[in-house]
Amino acid sequence: MKLIRLVPDNTKFRFMAYRRITFSGSLTLLVASIMLFFMLGLNQGIDFQGGTLFQLQNKAGPADLARIRQSLGTLGLGDVQVQNFGEPDQVLIRIERQPGGDAGQEEAEKKVRDVFGDTVVYERVEVVGPRVSGELARAGTISVVASLLAVLVYIWFRFEWQFAAGAVAALIHDVLLTIGMFSLVRLEFNLSSIAAILTIVGYSLNDTVVVYDRIRENLRKYKKMPIGQIIDDSVNQTLSRTTLTSVTTLIALIALYVFGGEIIRSFTFAMIFGVVVGTYSSIFIAAPILIFLNLRPGADADEPAEAAQTA
């Protein structure tokens, strides 16, 4: 086990000494994420916008994107997006939702097929109508909100209310930063992105509960130790496990990002970002917020600890 230990035993990092700095930095990033969301919005995929998506493979070799855009631009289909998708001969085409319901979407698909004829292989064709896309957007939003409420109830029953508030604050932090990342880098936001956010919530919660369990044990064991030192000791005691879990998860995700192909690339990138942010929030958001919520009344969080006294 020593060969794969990433953090030495008995570390004494004073995480809580930097809580005001990390809180200020996180608050700045949260405000920036919210501003990016309202200013730039999300690069919504076909799942939420509605319309038609074509994934093609050009039989003659590398695709000429400029020529494809010019050919599709004469069809009068409105906003048409053309981009490479994986290999040079693979193309992804998105066409905005057409008027006329299902008949309008079918007519648009026929026009595109007439342009390409038999020069391409149709690897994927998806048509999503406005009603379906609206329902998917609502369902995705409800699923994220419901997961946060379920976490609040679970932690509230398992721990004190301060732990529940801290866990939910950390999860909201992770979700908002992930949405801000989607807005900033213009990754396509689709149903797999919702799945990534829900997975990030679960991963972050798992890390947070591990830290909280150790904090609760030490609170019972050391009645007179300052709350700041209890949290520092608890985070240090779980640091090796947290680091090893995060690193091994990142190794798997990076391999998926590099070799998994374009279809899951946005999902894996969001997961990589979420694992890093989730690990950070478990240590620097969920844990120190217990101090601000006065978990141990009358205790000075920054007071040096005296000799530990067991229960």
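Projecting the Cα positions of Ala167, Gln105, Pro226 onto the charge dipole of the chain (unit charges on Cβ atoms of Lys, Arg, Asp and Glu, taken about the Cα centre) puts Pro226 furthest along the positive direction. If you take all other residues with their beta carbon under 13 Å from the beta carbon of Val211, and give Lys and Arg +1 and Asp and Glu -1, the sum is -2. The Cβ shell under 11 Å around Arg158 holds other residues with a net charge of -1, Lys and Arg each +1, Asp and Glu each -1.
Each peptide among 270-280, 57-67 gets the average number of other Cβ atoms lying within 10 Å of its residues, and from highest to lowest they stand as 270-280, 57-67. Dipole of segment 51-128 computed with +1 at Lys/Arg Cβ and -1 at Asp/Glu Cβ about the Cα centre; of Thr74, Phe116, Val127, farthest Cα towards the positive end is Thr74. If every alpha-carbon in segment 35-146 counts as one equal scatterer, what log10 I(q)/I(0) does Debye give at q = 0.12, 0.22, 0.23 1/Å? Log-scaled intensity ratios, in q order: -0.48, -1.21, -1.28. Taking Cα centre as origin and charging only the Cβ of basic (Lys, Arg, +1) and acidic (Asp, Glu, -1) residues, the dipole magnitude of segment 51-128 rounds to 160 debye. Peptide packing: for 110-118, 237-245, 204-212, the average count of neighbouring Cβ atoms within 10 Å per residue gives the ranking 204-212, 237-245, 110-118, highest mean first. From the list (i) 32, 60, 8; (ii) 28, 45, 21, 6, 0; (iii) 28, 60, 12, 0, can you say which value of P(r) over Cα pairs in 20 Å bins from 0, in percent was derived from the structure given? Calculated P(r) over Cα pairs in 20 Å bins from 0, in percent: the matching label is (ii). Charging the Cβ of each Asp and Glu at -1 and of each Lys and Arg at +1, and nothing else, the dipole of the chain about its Cα centre rounds to 960 debye. At 222 nm, what helix-only mean residue ellipticity would the chain give, in deg cm²/dmol to the nearest 500, using -39500 (n - 2.57) for each DSSP H run of four or more? Only helices count here, giving -21000 deg cm²/dmol.
A straight line joining the Cα centroids of segment 59-97 and segment 193-268 runs 41 Å. In this structure, the amide hydrogen of Glu123, modeled 1.01 Å from its nitrogen in the peptide plane, lies closer than 5 angstrom to those of Gln55, Leu56, Gln57, counting only residues at least 5 positions away or on a different chain. The listed peptides 165-173, 189-197, 30-38, ordered by packing as a protection proxy, come out as 165-173, 189-197, 30-38 (highest mean of other Cβ atoms within 10 Å first). For the chain, hydrophobic long helices are taken as DSSP H runs at least 20 Å long by C-alpha position along their axis with mean Kyte-Doolittle hydropathy of 0.5 or more; these are 19-40, 130-158, 161-185, 227-259, 265-281.
As a length-normalised measure over Cα pairs under 8 Å and 6 or more apart, the relative contact order of the chain settles at 25 percent.
Each value in this text was obtained by applying a stated rule to the coordinates, not by laboratory testing. Remember, it's a predicted structure, so these values are computed and weren't measured experimentally. Every residue, glycine among them, receives a Cβ derived from its backbone with ideal geometry; neighbour counts consider all protein chains shown.
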